[in-house]
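Computed from the coordinates by the stated procedures, all read-outs in this text should not be read as laboratory data. Bear in mind that the values here come from a model prediction, so they are computed numbers and not experimental data. When we count neighbours, we look across all protein chains shown, and the Cβ atoms used for this are built from the backbone with ideal geometry, even at glycine.
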Amino acid sequence: MSSRDKEPGEGWWEYPWFALVTLFLLAVGVLLFVAGVFSWVVRKMFRARAYLILLAVLCVLIGAWVGYSFYHDVELGERTVTIIIEEGASFQSVADELIAAGVIDSRLVFKYAARWKKVDRKLTPGRYDFTGRNSCRSVLTKLGEADVFRIKVTIPEGAPIWKVAAILASALDIDSSRVVDLASDDDFIQTLDLPCLEGYLFPETYFFPWGTRAEAALTEMVTMHGTMTESIWPQSLPLDLTREEIIKLASIVEAETSVDSERVIVASVYSNRLRIKMKLDADPTVIYGLGGLDRPLYIRDLKKDSPYNTYLHKGLPPTPINSPGLAAIKAAIKPAETEYLYFVADNAGGHRFSRTNAEHNQARREIKASQ
């Protein structure tokens, strides 16, 4: 991320405290100069006029130097300077590093300006990148506002915990096994007030500060889930399902289709099956129970006993099987009103829905014949 440089056209009036100091010094210089002239006219022989004039000149020069040093830009060009501020780092060490790297060129002004703005009292740890034009003023603003380097991380809809772990490991340079371990860490999950971690890592684009730990990243995603779903829950849910069960259902819907118009229909199929206590027969739950597959699902896979095998066990799986997006959650909350109990993938990226097994088998034959 680039530093917040002084934009063209910015003037001293945009930084009132420093402008006041500079103007004050200039005003003092002018007054002393006038006093010196007056003294020279009135008391030609009084030698103090020389000292007054000298003092006025010094005040003007000091004020000009301070103002120049504070606003003067140091050009880094396309070069990027990275400064890592560790926990407990002193301001002096940070200033020394900035000077050594050529980001700023006035240690004295930087030090006293930081004291004036109270930036030196508390530094936020993190990675700070500087490029282009930088001044004492822009660098202090960056440090004071904790404008740390952030890493863009996108979690897609339908990502199971192990995929989330791989994404975080790649982007944030953390151990993916740590993320997976936290998914079964009861103490950590309890601090988040959740039944489990799977299903509650909201799919979204995040900007994590450099150095973010796994716990912090997961907590932010869980918080986002709560924020995004807070307003969508009705007073009563279909089939008297709990919110946790809705998330389980939504995760199946998310895994089954990416077609927006189909989500409510897919949700209706599984809701209808739950209503009549029919097995869900959901392929994605079987795949999840097998730890994910990089091959097609075989018939023999459907016979492997697992709590997530909804061909063998009635009802919803023990946990969600991925992190569903908002559209899938809304579909699970309010599915379409249909009599469908079956569906099969067509050759166009969608599905054919059926009310009876006979209709379902006919649809399968027609789709197979069209291949």
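With contacts defined as alpha carbon pairs under 8 Å and 6 or more residues apart, what's the relative contact order of segment 170-324 in percent? Provide the component values of the computation, followed by the final result.
On the way: 160 pairs, mean separation 40.3, N = 155.
Over segment 170-324, the number comes to 26 percent.
Specify the residue with the greatest mean-square fluctuation among LEU98, LEU249, LEU58, computed from a Gaussian network of the chain linking alpha-carbon atoms under 10 Å apart. Of the options given, LEU58 has the highest mean-square fluctuation. Indicate the gyration tensor shape class of segment 258-371 (rounded, prolate or oblate), computed on the Cα atoms with a ≥ b ≥ c the square roots of the eigenvalues: a/c under 1.5 is rounded; otherwise a/b larger than b/c is prolate and the rest oblate. Rounded shape, in that the Cα axes give a/c under 1.5. For LYS122, a cut-off of 21 angstrom between C-alpha atoms picks up these lysines, skipping any fewer than 8 places away in its own chain: LYS111, LYS142. The order of MET278, MET224, going from fewest to most other C-beta atoms within 10 Å of their C-beta, is MET278, MET224. Site-free segments of the chain were taken between trypsin sites (Lys or Arg not before Pro) in DSSP loops having at most 10 other Cβ atoms within 10 Å, sites themselves excluded; the longest one is 123-276. Cβ crowding within 10 Å, taken as a proxy for footprinting-reagent exposure, orders GLU337, GLU78 from fewest neighbours to most as GLU78, GLU337.
With neighbour counts taken as other beta-carbon atoms within 10 Å, the residues SER268, SER323 rank, fewest first, as SER268, SER323.
Mean-square fluctuation check for the chain, GNM, Cα pairs under 10 Å: which of GLU245, GLU198, GLU254 is largest? Checking each option, the largest mean-square fluctuation is seen for GLU245.
Need one word for segment 81-137: rounded, prolate or oblate. Basis is the Cα gyration tensor (sqrt eigenvalues a ≥ b ≥ c); a/c below 1.5 gives rounded, then a/b vs b/c decides. Provide the component values of the computation, followed by the final result.
Details: a/c = 1.63, a/b = 1.03, b/c = 1.58.
Oblate, since a/c reaches 1.5 and b/c is not below a/b.
Other residues within the sphere of radius under 12 Å centred on the Cβ of LEU326, judged by their own Cβ, net out at -3 (K and R +1, D and E -1).
In terms of its C-alpha gyration tensor, the chain has a prolate overall shape, because the principal axis ratio a/c (a ≥ b ≥ c, square roots of the eigenvalues) is not below 1.5 and a/b outweighs b/c. Across PRO156, PRO296, PRO324, mean-square fluctuation computed from a Gaussian network of the chain (C-alpha pairs under 10 Å connected) peaks at PRO296.
Normalised by the number of residues in the chain, the mean separation of alpha-carbon contacts (under 8 Å, six or more apart) gives a relative contact order of 14 percent. Near ALA89, once Lys and Arg are set to +1 and Asp and Glu to -1 for all other residues with Cβ below 14 Å from its Cβ, the sum equals -2. Pairs spanning more than 29 Å between alpha-carbon atoms, out of LYS117/LYS152; LYS303/LYS368; LYS152/LYS304; LYS279/LYS330; LYS304/LYS334; LYS334/LYS368: LYS117/LYS152; LYS152/LYS304; LYS304/LYS334; LYS334/LYS368.
Less than 5 angstrom separates the built amide H of HIS351 from those of ASP346, all sequence-distant by 5 or more or on a different chain.
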